[in-house]
Structures are given as structure tokens and as C-alpha cells.
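Accompanying notes for the structure given below.
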Amino acid sequence: MNILLIDPPFYRFFNYYNRYFPLGLGYLASTLKKAGHEVMIYDADCNKNAKGMDYTRLPEKYRIYLKELKNPGNPIIKEISETFQNYQPDIVGITVMTPKMASAFTVASLAKQYNRGCSVIVGGPHATLQPSEILKNSRDVDFVINGEGETVFLELINSLRADNNSFSEIRGLSYRKGDDLVHNATRSFIDDLDCLPFPDREGLLGLDTYTSEDMGLLMGSRGCPYRCSYCATQIWTRKVRYRSLANILEEIRYVHRRFGTRQFTFKDDSFTVNRKRVMEFCHALHDEDLKINWDCNTRVDLVDQELLKVMKKAGCNSIKVGIESGSERILELMDKGITLERICDAARLFRETGIHWTTYFMMGIPTETREDVKKTLDLLHKIRPSFASIGVYEPFPGTRLFEIGVERGLVKQEMSYEDFFTHIPSDYYLKDIKRRVDTMDYENFTTMENEAKDVFHDYNKGIGRILERAKARSNIYLHNPRIFFNDVEKFLGWLR
């Protein structure tokens with residue numbers, strides 16, 4: 001059976017840069033290939049000629065996305081149809097995050113137009129959160145996978161190949177039985193992550209269009225122990241499961257040897273949650289003389305001076321942290337578990353250590369006031385990160401803030417098929433798109449949003465911050481000038 005795994009297009013419709021390859025599909029593909037199946041990965045959101053990069057202004061582009069999804073003459077839509085004809089898949093697997101749901105429905109429809117007998121399987125974060133919603137809204141979707149997909153997908157493929165229609169024992173699977181929706185029992189998460197083969201980078205269509213850095217995406221753990229009320233990672237439980245350091249180092253060596261990768265990116269939710277493990281990892285990199293750079297995500301309460309110094313010596317050249325707000329009240333509402341004092345302490349440590357650091361902020365939280373947003377802008381200039389981004393809160397099902405939005409009459413529990421194609425993704429699940437928060441009217445909020453984004457945009461254009469990023473990436477540029485020119489082009493696009 002031919003299996004085609006697809007990351008549906010989104011950023012590509014409005015010519016924004018989308019880094020890296022779809023890691024989750026890479027793990028699926030390698031698992032299926034190990035079992036003897038024919039698999040290819042189609043990253044339909046891969047855009048190597050992108051110009052846009054200012055993600056604080058991303059929602060301004062969303063209407064282009066919705067318009068082009070309905071345009072059968074759009075070259076991306078045509079490309080998807082042509083890929084189905086060229087590859088002739090028996091099974092199509094689609095990964096989907098909430099903003100990409102309309103695109104996922106479109107890809108499913110195109111798959112069925114290609115072949116009504118082709119089985120369409122949807123997985124990913126949104127599928128785990130809203131399996132009933134997906135099956136209700138699209139008859140083009142045959143199955144929905146909840147949670148980690150490697151084992152579920154393999155069992156489903158084996159059942160489809162055997163043509164026995166025996167799906168009831170496959171844990172973590174949702175499907176239709178006549179007009180009824182069936183949700184099988186949940187499946188336990190994979191405890192031994194070392195049992196999974198490395199994600200399949202070789203199976204990417206258009207492999208030669210990716211840079212060496214694109215190939216450097218890694219995940220050393222799964223799960224997050226924290227309970228931030230805006231984050232849907234709680235669906236994976238608060239238990240953190242780790243790959244062994246030996247397993248991670250083996251993958252780094254392979255990717256470095258195969259693709260010449262020198263810049264790696266860890267997508268773990270909180271990379272330094274286990275301090276002892278991070279120290280051991282850094283010492284192992286040093287002992288093995290692996291001359292690479294890497295970046296990661298963490299929290300301001302999970303760093304200290306000694307740790308940061310060891311990380312930098314081991315090649316860490318960039319760290320991303322979620323700050324979210326400059327208002328203590330909003331931080332408490334978010335269950336963030338950090339204080340302004342701890343944020344300022346971490347900022348001092350990052351500056352003293354000399355590691356490039358990016359901060360993420362959020363606005364538009366239920367009950368947030370103009371004064372709360374002002375505190376966020378004040379904090380930005382107080383802590384002076386290397387780069388900063390702000391986005392408007394988007395209510396995601398399965399989060400505490402989503403439920404607060406429901407309780408306050410701002411958010412609805414489910415979307416219709418039409419909603420996904422008529423509302424821009426940043427407005428998904430809002431009861432009234434002109435009532436995002438309950439503390440100010442639409443006009444005042446929009447004015448405040450534009451003012452805040454302008455502040456962040458102007459902040460990031462500072463020459464000192466541009467040079468700081470270039471310095472952090474200088475080692476990559478020396479070994480791969482192509483990445484330098486790509487960065488310059490992206491930055492010029494961001495300035496537009």
C-alpha cells in the first residue's frame with residue numbers, strides 16, 4: 001500500500017516562511033517504513049521562496065489563506081491534486097493544528113476527488129482535541145487518531161491492508177459506524193521513546209530544497225509538567241518522557257554526517273526541566289567534540305548562571321522563553337507559575353551569559369485591560385530581549401482559558417464546516433468575532449492591538465538586535481553561506 005503523509009499548506013498561501021520539516025510525520029513515516037510500508041512525506045506548507053517573516057502581523061494575511069483555499073486555480077491546490085495523481089496513494093494521512101483545519105478539510109476533499117476509495121486519516125493536536133468535530137464536519141475524513149500516532153497509525157494500516165474492517169480494538173482511534181461516531185478507548189503514551197526509529201528525513205518530497213538547518217529539528221522528550229491555561233499540551237499529560245542521551249547523540253551524529261547540519265533545534269516544550277540531564281548532555285557534546293550549535297525552548301524559572309554557561313560552552317546559541325504578559329494578574333490567570341521578579345532575573349542572566357534569547361508575549365486574554373497590555377509593553381523595554389514576538393490569544397479547545405472563555409460567553413465549544421472557511425483562524429471558536437475580550441469594545445481592542453504590534457515591530461528593527469542575531473549564528477554562516485543569504489532575504493521580507 002502506498003501511504004502519503006501530508007502537512008497541509010497554510011503559511012505558503014500568503015508567502016510566509018515555514019521552517020523545518022514536519023517532525024511528527026517524520027516519526028510516523030519511519031515507523032511505517034520499519035514495518036515494511038511504502039511511505040512518502042509531502043510537506044505542502046514548505047515554501048523556500050517565502051518573503052514574509054513578521055509573525056506578529058500574521059493575522060493580517062489570513063484572509064488570503066481562506067480566499068485561496070476556495071480557488072481551484074491556485075497553484076498550490078493544483079500541486080496537491082497533481083501529487084495525488086503522481087504518487088497514487090492508497091492511504092492519505094494529514095496532520096493538523098487548529099489554524100490549518102480548513103486546509104486539512106480541503107486536502108481531504110482533494111484526496112477523495114482523486115480516489116473515493118482512498119482512506120483519509122487525520123491526526124495531530126487538533127485531531128486529538130476535537131475528533132467528533134472533524135468527523136461531523138467532513139465525510140471526506142474516514143478516521144481520526146487521538147494522541148501519539150505511531151502505534152495507532154500502524155495498527156490501522158495493517159487492518160486496512162487485511163481488509164477486515166476490525167477497528168474496534170485499535171485504541172486511540174475515532175471513526176464512523178453508519179451514522180454513529182465511535183471513539184475507542186484511549187491509548188497509553190509511549191514510555192520508551194528510544195524504541196522509535198529516527199524521523200524519516202529521506203522520505204521528504206523535494207528533499208533537495210531544504211537547508212542543512214531545516215534537517216536539524218529534534219525532540220529529546222515528550223510532555224510538559226506545567227499547566228499553563230492557554231496551552232493544549234496538557235492533552236499529553238504532565239508527565240515528561242525522555243529519550244536516552246545516547247539515542248539523541250546518535251541522531252545528531254547521523255544528521256550532521258548525512259546533511260552537514262551544524263545548527264540543531266530542540267522542540268521539547270521545556271528543554272531544561274531536568275537540569276541534571278541537560279548538564280550531562282552538554283558534557284557529552286563536549287567530550288565527543290561535536291562542534292555544533294543548537295537552540296531550545298525553556299522557562300525563565302528553569303535557568304541559572306551555571307547552567308547557561310555550560311549550555312553556551314556546549315554550543316547553545318539561542319533560547320526561546322514564553323513571558324506572555326507584564327501583568328502579574330494575567331500571569332496568575334494563565335497559571336504560568338512565574339513572577340515579574342523571576343522574569344527580570346532571567347533576563348539579567350541571559351544578558352550576562354551572552355546567549356541570544358527570544359521572548360513570546362500574548363495579549364487579548366479574557367478580562368485583560370488596556371493597563372495590563374501597557375504593563376507588557378513596559379516589561380519588553382525593561383528586560384530587553386534579543387528578539388520579541390507578540391500575538392493575540394487564540395482560544396484552543398482543551399485548555400483552561402478556553403473554558404473560561406466559554407463561561408464568560410466569549411467562546412463556543414465547536415465550529416461548523418462553514419465556520420472554518422469563513423472565519424480567519426485567529427477568530428476560530430469566538431462566538432462573536434467583534435467581541436474577543438469582555439473589557440473593551442472591538443474598535444478599542446483593534447486600536448490597542450495595532451499599537452502593541454507596532455511597538456514590537458519597531459523594537460525588533462533595532463540595529464543592535466539585528467547584529468546580536470547575526471553574531472549568534474556566525475558559526476553557521478561560516479560553514480554554510482547559503483543560510484546567511486537566506487537569513488538576509490528573510491529579514492528584508494520581514495522589514496516590508
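A few points about this structure:
- Helices (runs of 4 or more DSSP H) wholly inside the stretch 294-363 containing at least 3 residues that are out of contact with any strand residue (DSSP E or B) (no Cβ under 7 Å at 6 or more places or on another chain) and among the basic types (Lys, Arg): 305-313, 340-353
- Any hit, the stretch 279-294, residues being open to solvent by 40 Å² or more (accessible area, probe 1.4 Å) and touching a Gly at 6+ places or on another chain (Cβ under 8 Å): yes
- Helices (runs of 4 or more DSSP H) wholly inside the stretch 77-184 that include at least 2 residues being out of contact with any Phe, Trp or Tyr (no Cβ under 9 Å at 6 or more places or on another chain) and either touching a residue at least 24 places away in the same chain (Cβ under 8 Å) or not small (Gly, Ala, Ser) (or both): 101-114, 131-137, 150-162
- When residues of the stretch 2-20 are limited to those that are in contact (Cβ under 8 Å) with a residue 60 or more places away in the chain, in contact with a Leu (Cβ under 9 Å, 6 or more places away or on another chain) and open to solvent by 10 Å² or more (accessible area, probe 1.4 Å), the one nearest to residue 149 (Cα to Cα): 7
Per-residue answers, yes or no, for (1) over 17 Å from residue 344 (Cβ atoms); (2) touching a strand residue (DSSP E or B) at 6+ places or on another chain (Cβ under 7 Å):
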| residue | (1), (2) |
| --- | --- |
| 365 | yes, no |
| 369 | yes, no |
| 376 | no, yes |
| 380 | no, yes |
| 384 | no, no |
| 389 | yes, yes |
| 392 | yes, yes |
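- For first residues located in the stretch 27-39 and free of Cβ contacts under 8 Å to residues at least 60 places away in the same chain, partners that are crowded, with 22+ Cβ neighbours inside 10 Å and lie 6+ apart or on another chain with Cβ distances below 7 Å form the pairs 38/3.
- Residue in the stretch 437-450 that is most open to solvent (accessible area, probe 1.4 Å), counting only those that are charged (D, E, K, R) and free of Cβ contacts under 8 Å to residues at least 60 places away in the same chain: 443
- Residue list for the stretch 383-438, restricted to those being of a type in the set (A, V, I, L, M) and within 22 Å of the chain's Cα centre (by Cα): 388, 390, 392, 401, 415, 424, 430
- Any hit, the stretch 48-59, residues being modelled with pLDDT of 90 or more, in a loop (DSSP other than H, G, I, E, B) and open to solvent by 10 Å² or more (accessible area, probe 1.4 Å): no
- Close pairs from the stretch 451-468: first assigned to a loop (DSSP other than H, G, I, E, B), partner surrounded by 17 or more Cβ atoms within 10 Å (Cβ to Cβ) and at pLDDT 90 or above, Cβ under 8 Å, at least 6 apart: none
- Residue within the stretch 104-111 that is open to solvent by 10 Å² or more (accessible area, probe 1.4 Å), under 21 Å from the mean Cα position of the chain (by Cα) and within 17 Å of residue 417 (Cβ to Cβ) present: yes
- Residues in the stretch 122-130 include none that are more than 22 Å from the chain's Cα centre (by Cα) and crowded, with 19+ Cβ neighbours inside 10 Å.
- Yes/no for residue 194 being surrounded by fewer than 16 Cβ atoms within 10 Å (Cβ to Cβ), assigned to a helix (DSSP H, G or I), of a type in the set (Asp, Glu) and in contact (Cβ under 8 Å) with a residue 40 or more places away in the chain: yes
- When the stretch 232-255 is limited to residues that are in a helix (DSSP H, G or I) and open to solvent by 60 Å² or more (accessible area, probe 1.4 Å), the one that is modelled with the lowest pLDDT turns out to be 234.
- Residue in the stretch 185-196 that is over 25 Å from the mean Cα position of the chain (by Cα), farther than 23 Å from residue 26 by Cβ and among the β-branched types (Val, Ile, Thr) present: no
- When the residues of the stretch 124-144 are filtered to those that are in contact with an Asp or Glu (Cβ under 9 Å, 6 or more places away or on another chain) and among the charged types (D, E, K, R), the one that is nearest to residue 7 (Cα to Cα) is 133.
- In the stretch 332-344, the residues that are within 13 Å of residue 365 (Cα to Cα) and free of Cβ contacts under 8 Å to residues at least 12 places away in the same chain never reach a residue that is open to solvent by less than 40 Å² (accessible area, probe 1.4 Å) and of a type in the set (Val, Ile, Thr) with C-beta atoms less than 9 angstrom apart, at least six apart or across chains.
- In the set (1) of a type in the set (A, V, I, L, M); (2) farther than 30 Å from residue 329 by Cβ; (3) in contact with a strand residue (DSSP E or B) (Cβ under 9 Å, 6 or more places away or on another chain), the condition left unmet by residue 207 is number (3).
- Complete set of residues in the stretch 132-148 that are in contact with a Leu (Cβ under 8 Å, 6 or more places away or on another chain), modelled with pLDDT of 95 or more and surrounded by 18 or more Cβ atoms within 10 Å (Cβ to Cβ): 135, 141, 143, 144, 145
- Selection status of residue 388, small (Gly, Ala, Ser), open to solvent by less than 50 Å² (accessible area, probe 1.4 Å) and either closer than 15 Å to residue 301 by Cα or part of a helix (DSSP H, G or I) (or both): no
The values are calculated or read from the model by the stated rules, or taken from the named source; none is laboratory data. The model shown is predicted, which means the values in this text are computed figures rather than measured ones. No Cβ is skipped: glycine too gets one built from the backbone with ideal geometry, and neighbour counts run over all protein chains shown. Ligands, DNA and RNA are stripped out before the accessible areas are found, and what is left, the full protein with its side chains, is counted by its heavy atoms. Shrake-Rupley method; radii C 1.70, N 1.55, O 1.52, S 1.80 Å.
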